[in-house]
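Enquirer: Handing you this structure, nothing more for now.
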Amino acid sequence: MKKFKRYLVTSALPYANGPVHIGHLAGVYIPSDIYVRYLRLKGEDVLWVCGSDEHGVPITIKARQEGVTPQDVVDKYHNIIKNAFEELGISFDIYSRTSSEMHRKTASEFFRRLYDAGKFIEQTTMQYYDPEAGQFLADRYITGTCPHCRNERAYGDQCEKCGTTLNATDLIDPRSAITGAVPELRETKHWFLPLDRYEPFLRRWILEGHKEWKPNVYGQCKSWLDLGLQPRAVSRDLDWGIPVPVEGAEGKVLYVWFDAPIGYISATKELTPEWEKYWKDDETKLVHFIGKDNIVFHCIVFPSMLQAHGEYILPDNVPANEFLNLENDKISTSRNWAVWLHEYLQDFPGKQDVLRYVLCANAPETKDNDFTWKDFQARNNNELVAILGNFVNRALVLTSKYFNGEVPAAGEPAEYDRNCLDEVAAIKTSLENNIDHYRFREALKDAMNIARMGNKYLADTEPWKIFKEDPLRVATILNTALQITANLAIAIKPFMPFTADKLSGLLQCGPLGWERLGSDSILPVGHRLGKPELLFEKIEDDVIEAQLAKLEAARAANLAKEAKVEPRKESVSFEDFSRMDIRVSKVVAAEKVAKTKKLLKLTVDTGIDVRTIVSGIAEFFTPEELVGKQVLVLANLQPRELKGIMSEGMILMAEDASGKLVAVAPESEVKPGSCVR
């Protein structure tokens, strides 16, 4: 592994359109805080920069929803996020913001350098325009019907019901989210970064030069490159953002994906006049901590920007995490299905390290993981209280009881004593290797193994049983236990800084550097310890039930919101309706369609014939529960082939607020073929 003179660590800029939640913490900010704290403890030259991402459509949408200006929105949420980070102990060297004058100047100069060097291409494209609002529409300002699942509330960039990525022009019956008007396609000119020109460089740099990257990062990069890169717009029509700094670009701003990563550079410039040595010296190791949704921007797009500029170093690693779910459901800010950091800090005062510990121990490093309040409680009670806290408390209480709170002089150590202290040194090697390779979950296990070993050591040696007969042996045991405790204060520092500081206070030893980890003589003989205190306390069931009740209230509120009756569709004539042949029918056979998750093949008696209908209802009904059921069938729907099966009709269903399909049928059984009029 190459030895670097200095480190520059960045963390993905959170959008200032809402607070930070546990998914952000587990994916980005706790891993990067662990890494930086570790480097600082080792005495490395390291800077850690971050800040609020304050431009882009999500900001303008939030401002419109709250009836305020975009500046009001970013001011509000920047302060909420910044203060919450500080209270959790997230130790940025600077937490800046992209609405700063330094950032505006830096991003403008970056764009202008690439523009003057001919690195962009200009293209005129067709984009939706709202004639009533008099403005071009960003993708999120266009709604319509999803062409895949028929969700009538899909956005111009994605359908949140089926998860499909869309283009605005894919939508059926598009509408402006601003005025409700039907948008028009109009010509607009923009500047594009031709990513395809950088594809050979990216292949050499990533696929050949960085095979050590995490599989999820390397794999996603390879997938993008294998599909072939396309030019990507660096400007857009919007009235909030950094104006494009060239003539003829009135009403256009820098696209947020181009603007935001430059925020790492502007934040470093704001922090230190020596910023260039962190960005332009090959002896600097640049590491981006991000979530998996930002891999393409930090591994494909931003490196292409840096390469086009020509003066900046490229990231050495981009250790992206997967997603964290909440109570077996995807975290959703729009549905308020989240544990918000600022609310957690209010509900659990003094328990910052409990959250840090749980999110690291359950980090989604290689796959999506799930946060549950019951697991949160169990890890606190069974690990922090029963293992870490228990060992430290026993070591200090026994020393207070038998040796008046002073570190006793050790006699001749037994082999077991030496083995335990040697094991700390071995754990240090493993811990360092895991952090150096961004395996923070395993590194936390290493640190906790010191406490586990200490607990076992005291349980095996039982000093409370032998003090009367052999006080010298007890002195050796407690000296060993206290040295293990001091090592523990160092090992947990990157992960649980508040607990480490409290433990150092109990030991009355002051800050300890990383170089002391593995030593068997950190605390000198006769050193007076502080009064024993518990490091952690149990979390009771009622506390957890209150958090679960809060989530259920959010779920109920969201269902009530979604349960609003959809607006009436356009009027149809009686003749149009009379053309629909809807008949009561009976399902006589049903089976799943092979190699599909949603489709069932139904054999239906319509009263006029027995026919096959393929229906996408397998997520809600089993074949067995449908056989013998009466259903309503649109019998004169034009036949359509699905998965090689000719489907001759459509089963009519009702959809409830949660998206569940419910069969519609007569209250009492009627003869198949009866018409619905």
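The values are calculated or read from the model by the stated rules, or taken from the named source; none is laboratory data. On a predicted model such as this, the values are computed, not experimentally measured, just so you know. So basically every Cβ, Gly included, is an ideal-geometry build from the backbone, and we count neighbours across all protein chains shown. For the accessible areas, the whole protein counts, side chains as well, though only heavy atoms, and no ligand, DNA or RNA atoms are used. Shrake-Rupley method; radii C 1.70, N 1.55, O 1.52, S 1.80 Å.
Enquirer: Over segment 226-322, calculate the relative contact order: mean separation of alpha carbon pairs under 8 Å at least 6 apart, over the residue count, as a percent.
Expert: Once divided by the residue count of segment 226-322, the mean separation gives 21 percent.
Enquirer: Grab the other residues whose beta carbon is less than 10 angstrom from that of residue 329, score K and R as +1, D and E as -1, and report the net.
Expert: Numbers: positive: 330, 335, 555; negative: 327, 370.
Computed value for this residue: +1.
Enquirer: Next up: Using the Cα centre of segment 448-548 as origin and beta-carbon charges of +1 (Lys, Arg) and -1 (Asp, Glu), tell me which of 498, 457, 513 is placed farthest towards the positive end of the dipole.
Expert: Going by the charge dipole, the pick is 513.
Enquirer: Right, next: Counting only the heavy atoms of the protein chains, how much of residue 427 is accessible to a 1.4 Å probe, in Å² to the nearest 10?
Expert: Answer for residue 427: close to 10 Å² accessible.
Enquirer: Might you tell me the accessible area per residue for the chain, computed with a 1.4 Å probe and given in Å²? Could the numbers behind the result be given before it?
Expert: Values: 31250 Å² over 677 residues.
Normalised by residue count, the accessible surface of the chain is 46 Å².
Enquirer: Here's another thing I want to ask about it. For 620, 85, what's the largest-to-smallest order of accessible area, 1.4 Å probe?
Expert: Working: 620 65, 85 5 Å².
Listed by decreasing accessible area, they come as 620, 85.
Enquirer: To the nearest 10 degrees, how steeply does helix 471-491 sit against the main Cα axis of the chain, on a 0 to 90 scale?
Expert: Approximately 40 degrees, to the nearest ten.
Enquirer: Going by the alpha-carbon gyration tensor, a ≥ b ≥ c the square roots of its eigenvalues, is segment 68-150 rounded (a/c under 1.5) or, if a/c is not under 1.5, prolate (a/b greater than b/c) versus oblate? Walk me through the numbers on the way to the answer.
Expert: Numbers: a/c = 2.25, a/b = 1.29, b/c = 1.75.
Oblate is the answer for segment 68-150, as a/c is 1.5 or above yet b/c matches or exceeds a/b.
Enquirer: Quick one: what are the phi-derived ³J(HN,Hα) couplings along segment 242-250, Karplus 6.51/-1.76/1.60 with θ = phi - 60°, whole Hz, x for glycine and proline?
Expert: 8, x, 5, x, 9, 5, x, 10, 4
Enquirer: Counting pairs of alpha carbon atoms under 8 Å apart in space and at least six apart in sequence, what relative contact order in percent does segment 38-92 give? Please list the in-between numbers first.
Expert: Values: 20 pairs, mean separation 15.5, N = 55.
After rounding, I find 28 percent.
Enquirer: Relative contact order (percent) for segment 186-275, with alpha-carbon contacts under 8 angstrom and 6 or more residues of separation? Walk me through the numbers before you get to the answer.
Expert: Details: 79 pairs, mean separation 22.9, N = 90.
This gives 25 percent for segment 186-275.
Enquirer: Here's a follow-up. Where does each of 362-373, 541-552, 259-270 land if you order them by average Cβ count within 10 Å, highest first? Walk me through the numbers before you get to the answer.
Expert: Details: 362-373: 17.3, 541-552: 12.8, 259-270: 24.5.
Ranked by mean Cβ neighbours within 10 Å, highest first: 259-270, 362-373, 541-552.
Enquirer: Would you work out what percent of the accessible area of the chain, with all protein chains in place, is carbon or sulfur (probe 1.4 Å)? Numbers along the way, then the final one.
Expert: Details: 15180 of 31250 Å².
Percent of accessible area from carbon and sulfur atoms in the chain: 49.
Enquirer: Let me know the shape class of segment 153-220, please: from the alpha-carbon gyration tensor, a ≥ b ≥ c as square roots of the eigenvalues, rounded when a/c is under 1.5, otherwise prolate if a/b is greater than b/c, or oblate.
Expert: oblate
Enquirer: Based solely on its DSSP helices, what 222 nm [θ] is calculated for the chain when runs of n ≥ 4 H residues each add -39,500 (n - 2.57) and the sum is averaged over all residues, nearest 500 deg cm²/dmol?
Expert: About -11500 deg cm²/dmol.
Enquirer: Rank by packing, highest mean first: peptides 444-454, 579-589, with packing defined as the count of other Cβ atoms within 10 Å averaged across residues.
Expert: Details: 444-454: 21.5, 579-589: 18.3.
Top of the packing list down: 444-454, 579-589.
Enquirer: Label the chain by shape, choosing from rounded, prolate and oblate, from the square roots a ≥ b ≥ c of the eigenvalues of the Cα gyration tensor; if a/c is under 1.5 it is rounded, and otherwise prolate applies when a/b is larger than b/c, oblate when it is not.
Expert: Oblate, because a/c is 1.5 or more while a/b does not exceed b/c.
Enquirer: Explain nothing, just the number: dipole magnitude of segment 165-226 about its Cα centre with +1 on each Lys and Arg Cβ and -1 on each Asp and Glu Cβ, in debye rounded to the nearest 20. Provide the component values of the computation, followed by the final result.
Expert: On the way: 9 positive and 9 negative charges, 55 e Å.
It comes to approximately 260 debye.
Enquirer: Moving on. For a protection proxy built on the mean count of beta-carbon atoms within 10 angstrom, sort 64-76, 200-212 highest first, please. The partial results should precede the final answer.
Expert: Working: 64-76: 15.4, 200-212: 13.6.
By packing density, highest mean first, the sequence is 64-76, 200-212.
Enquirer: Can you tell me what the convex hull of the Cα atoms of segment 345-504 projects to on average, as an area in nm²?
Expert: Working: hull surface 41.4 nm².
Reported value for the Cα convex hull: 10.3 nm².
Enquirer: If one takes the longest principal axis of the Cα atoms in the chain, at what angle in degrees, from 0 to 90 and to the nearest 10, does the Cα axis of helix 541-562 lie?
Expert: Helix 541-562 and the main axis of the chain meet at about 20 degrees.
Enquirer: Now for a separate question. To the nearest 10 degrees, how steep is helix 415-436 against the longest Cα principal axis of the chain, on a 0 to 90 scale?
Expert: The answer is roughly 40 degrees.
Enquirer: When the dipole is taken about the Cα centre of the chain, and only Lys, Arg (+1) and Asp, Glu (-1) are charged at their Cβ, what size is it in debye, to the nearest 20? Before the final figure, lay out the partial values.
Expert: Numbers: 84 positive and 97 negative charges, 129 e Å.
Result for the chain is approximately 620 debye, rounded to the nearest 20.
Enquirer: Separate question: Taking every pair of alpha-carbon atoms in segment 224-339, what share in percent sits in each 5 Å bin, from 0 to the bin with the longest distance?
Expert: 2, 9, 14, 17, 17, 16, 13, 7, 3, 0, 0
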